[in-house]
1. Just give me the residues in region 318-337 being surrounded by 16 or more Cβ atoms within 10 Å (Cβ to Cβ), touching a Gly at 6+ places or on another chain (Cβ under 8 Å) and part of a loop (DSSP other than H, G, I, E, B), in sequence order.
2. In region 156-166, is there at least one residue being at pLDDT 95 or above, farther than 30 Å from E75 by Cβ and either open to solvent by less than 50 Å² (accessible area, probe 1.4 Å) or of a type in the set (K, R) (or both)?
3. If a residue must be closer than 19 Å to C335 by Cα, assigned to a loop (DSSP other than H, G, I, E, B) and of a type in the set (D, E, K, R), how many such residues does region 282-317 contain?
4. Report those strands (runs of 3 or more DSSP E) wholly inside region 166-274 carrying at least 1 residues which are under 23 Å from T117 (Cβ atoms) and not hydroxyl-bearing (S, T, Y).
5. Provide a single number: the residues in region 269-310 that are open to solvent by 50 Å² or more (accessible area, probe 1.4 Å) and over 24 Å from A47 (Cβ atoms).
6. Identify all residues within region 183-210 that are touching a residue at least 40 places away in the same chain (Cβ under 8 Å) and over 24 Å from the mean Cα position of the chain (by Cα); write none if there are none.
7. Taking only pairs six or more apart or across chains, which ones have beta-carbon atoms under 6 Å, a first residue in region 288-301 that is free of Cβ contacts under 8 Å to residues at least 24 places away in the same chain, and a second residue that is open to solvent by 60 Å² or more (accessible area, probe 1.4 Å)?
Amino acid sequence: MNKLLLSTVLCFAALSSGALSQEVSACLITKTDTNPFFVKMKEGAQARADELGVALKSYAGKVDGDHETQVAAIETCIADGAKGILLTASDTSAIAQSVQQARDAGLLVIALDTPLTPADAADATFATDNFLAGELIGKWAAGTLGEAAASARIALLDLAVSQPSVDVLRDQGFLQGFGIELGDPNKWGDESDARIVGHDVTGGSEEGGREAMENLLAKDPTVNVVYTINEPAAAGAYEALKSIGRENDVIIVSVDGGCPGVANVKDGVIGATSQQYPLQMAALGIEAIKAWADSGEKPAPTEGKDFFDTGVKLVTDAPVEGVESIDSEEGAELCWG
């Protein structure tokens, strides 16, 4: 009888071990775990993973730009036998080698929000059309100024000196939308238009936005248009302007469309922002990893693009003719779907 019980236990253990070994696992690696954008991305990934029975592990850099922590996370995911990785890369070029190691090990790697450099270093990209996001706020700013756009004084608050792809795309999209001739569209900072006061980096944080705004105001206190890489940076820029009494005579535009950012549009802190949908990005990414594990099928890009476009909408309470937008009330209903 004891032998029979032992045999049954061992059989059950073997079956349980086999079932566990077949479980689909995935990794989410974001730039930070404090930025509301990535918090929402993690929420979307976890919710869909729970629905599909995918075991999800999440990792993040200590700060925006923490490349080494992301590399270590990829190595951990490979060692753990994950089926796929969802990645928002801090350094889109330097991470490519680690991504290739993951792909060589049989993992599906999907870039979320931030395309890798080159874009095909990942198996797929699920993202906002970041150039279009920048272009929308550029057109809005130029339309809001009207004839005064010809003499604008523009400060650009970017992300990092390494110029990750999302940083370049939004910046260059904004400039083109505003009507400024680009230099090399694959980098920012080489434009010759006299309306540009300068570029500074923020790390995507409120503190970084405040410091960058202070630096550019010291260079030219007549700045009247401020482009920001994201809404935390925009909030910091506003505080710097408010400290010198200029919060009401400078246009601030941004990209994210998070609930706090949309509230700032309603309150007049941000004039317009391009809304992204990180929860959807992450949820779709989990679905793609599950499909890869089940059938070996890779996700296809949106027709006519080299990535899967998860959509973008301009949010403003001061619409400009010819620039399609939604108001802050609708933006609040959509943030961050």
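1. V320, V323, C335, W336
2. For region 156-166, residues at pLDDT 95 or above, farther than 30 Å from E75 by Cβ and either open to solvent by less than 50 Å² (accessible area, probe 1.4 Å) or of a type in the set (K, R) (or both): present.
3. So the count comes out to 1.
4. 196-201, 251-256
5. Number satisfying all stated conditions: 5.
6. Those that are touching a residue at least 40 places away in the same chain (Cβ under 8 Å) and over 24 Å from the mean Cα position of the chain (by Cα): R195, I196, V197.
7. Final answer for the pair search is A291/E297.
Let's see how each residue does on (1) at negative phi; (2) not β-branched (V, I, T):
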position	(1), (2)
E206	yes, yes
D220	yes, yes
I229	yes, no
G236	yes, yes
I244	yes, no
D249	yes, yes
G257	no, yes
F308	yes, yes
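The values are calculated or read from the model by the stated rules, or taken from the named source; none is laboratory data. None of the values given here were measured: they were computed from a predicted structure. We place every Cβ from the backbone using ideal geometry, glycine too, and count neighbours over all the protein chains shown. SASA here: full protein model, heavy atoms, side chains in, ligands and nucleic acids out. Shrake-Rupley method; radii C 1.70, N 1.55, O 1.52, S 1.80 Å.
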